[in-house]
Amino acid sequence: MTDSEIVEETIVFVKETLQGAEGGHDWFHIQRVFRNALLIAKDEKNCDILVVSLGALLHDIADAKFNNGDETVGPNLAKNFLVSLNIDAKIIQHVINIIENISFKSSLDKTKKKFNSLELQVIQDADRLDAIGAMGIARAFNYGGFKNRLLYDPEIPPKLNMTKEEYKKSDAPTINHFYEKLLLLKDKMNTTTGKKLALKRHDFMLIYLEQFYQEWNGQPFLN
């Protein structure tokens, strides 16, 4: 199979697998990350586009939070699919390493030996871009509604510097998620392109939060 045929087969597989998925982690999320990853990769020398494509398409094929916290489901599902396409074993392992290390919660695990590659950095930036800005706000509240979480509670402050396990178990109001993750992502971008793209989205979240608190507190808008 050619690289383009492999990518097309993967797209079909992901679309079928994610039918009925929660709106912030569905095919359209994957599609946005895929497109952003290819955009970022254009500015990176010696970047393996096939690995970037497969990693982006499969990074959320079975997110642990929708599988009782089991972080092996996604990598195993992705591996079995890629093996069925007779892809080179080194490419498969690279993609699996990306899936296992891309998430924000993985960065909180101080005991785990970190995997790193240019392709991981590109996909991670693309995924983080979809977690901030207008799209990130929509996804955060969609997931909060899915989990029946409070929008905001002034009596429940954000928990900063959480461990991986604390982060996984958190059921805090959605507004807290901005401070516990979303507003931190701008400074965690890897690539030059990712950093540039993150700035406007970060600023939009700050504007949104200002408006949110004004409306929450019943402040009038007279100008």
Could you list H177, H59 in order of exposure, starting from the residue whose Cβ has the fewest other Cβ atoms within 10 Å?
-> H177, H59
Filtered hits (aspartates and glutamates, Cα-Cα < 18 Å from K45, offset >= 8 within chain) -> E119, D125
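Which of the helices in the chain meet the span-like rule: DSSP H, Cα axial reach of 15 Å or more, Kyte-Doolittle mean at least -1.0?
On the way: long enough: 3-17 (21 Å, 0.05); 27-41 (21 Å, 0.66); 73-84 (17 Å, 0.57); 89-101 (18 Å, 0.57); 118-129 (17 Å, -0.01); 133-146 (20 Å, 0.46); 192-216 (36 Å, -0.53).
Helix filter hits for the chain: 3-17, 27-41, 73-84, 89-101, 118-129, 133-146, 192-216.
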Extension gain D171-A89, at 0.36 nm per residue separation less the Cα-Cα distance, in nm?
-> 25.6 nm
Rounding to the nearest 20 debye, state how big the charge dipole of the chain is about its Cα centre with +1 on each Lys and Arg Cβ and -1 on each Asp and Glu Cβ.
-> 580
May I ask you to list the lysines whose Cα is less than 24 Å away from that of K42, ignoring any residue fewer than eight positions away on the same chain?
-> K90, K186, K188, K195, K196, K200
If one builds a Gaussian network model of the chain from Cα atoms under 10 Å apart, the most fluctuating residue listed among F141, F115, F81 is F115
For the chain, which span is the longest to avoid every loop-located (per DSSP) member of trypsin sites (Lys or Arg not before Pro) having at most 11 other Cβ atoms inside 10 Å?
-> 148-223
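What is the chain by shape, rounded, prolate or oblate, if you read a ≥ b ≥ c off the alpha carbon gyration tensor as root eigenvalues and call it rounded for a/c under 1.5, prolate for a/b larger than b/c, and oblate otherwise? Could you put the intermediate results ahead of the total?
Working: a/c = 1.94, a/b = 1.70, b/c = 1.14.
Judged from the Cα gyration tensor, the chain comes out prolate (a/c at least 1.5, a/b above b/c).
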Neighbourhood charge, 14 Å Cβ-Cβ cut-off, centred on M205 and excluding it, Lys, Arg +1 and Asp, Glu -1 = +1
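Counting pairs of alpha carbon atoms under 8 Å apart in space and at least six apart in sequence, what relative contact order in percent does the chain give? Working shown, then result.
Numbers: 241 pairs, mean separation 43.9, N = 223.
Relative CO of the chain lands at 20 percent.
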Whole-Å distance, taken between Cα centres, linking the range 44-91 and the range 141-195 = 25
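Using only the alpha carbon atoms of the range 9-65, find the Kirkwood hydrodynamic radius as the inverse mean reciprocal pair distance, in angstroms to one decimal. Intermediate results must be reported in sequence, preceding the final value.
On the way: mean 1/r = 0.0851 Å⁻¹.
Here the Kirkwood hydrodynamic radius works out to 11.7 Å.
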In nm, the gap between the two label points placed 7 Å beyond Cα toward Cβ at N68 and M1 is 3.0
Can you check what the net charge comes to around L118, using other residues whose Cβ is under 12 Å from the Cβ of L118 (Lys, Arg +1; Asp, Glu -1)?
-> -4
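Under a Cβ-Cβ cut-off of 15 Å, what is the net charge of the residues other than W216 that fall near it, where Lys and Arg count +1 and Asp and Glu count -1?
On the way: positive: none; negative: D153, E155, E210, E215.
For residues surrounding W216, the net value is -4.
A short reminder: the numbers here are calculations on the coordinates, not readings from a lab. These numbers come from a predicted model, not from an experiment. So basically every Cβ, Gly included, is an ideal-geometry build from the backbone, and we count neighbours across all protein chains shown.
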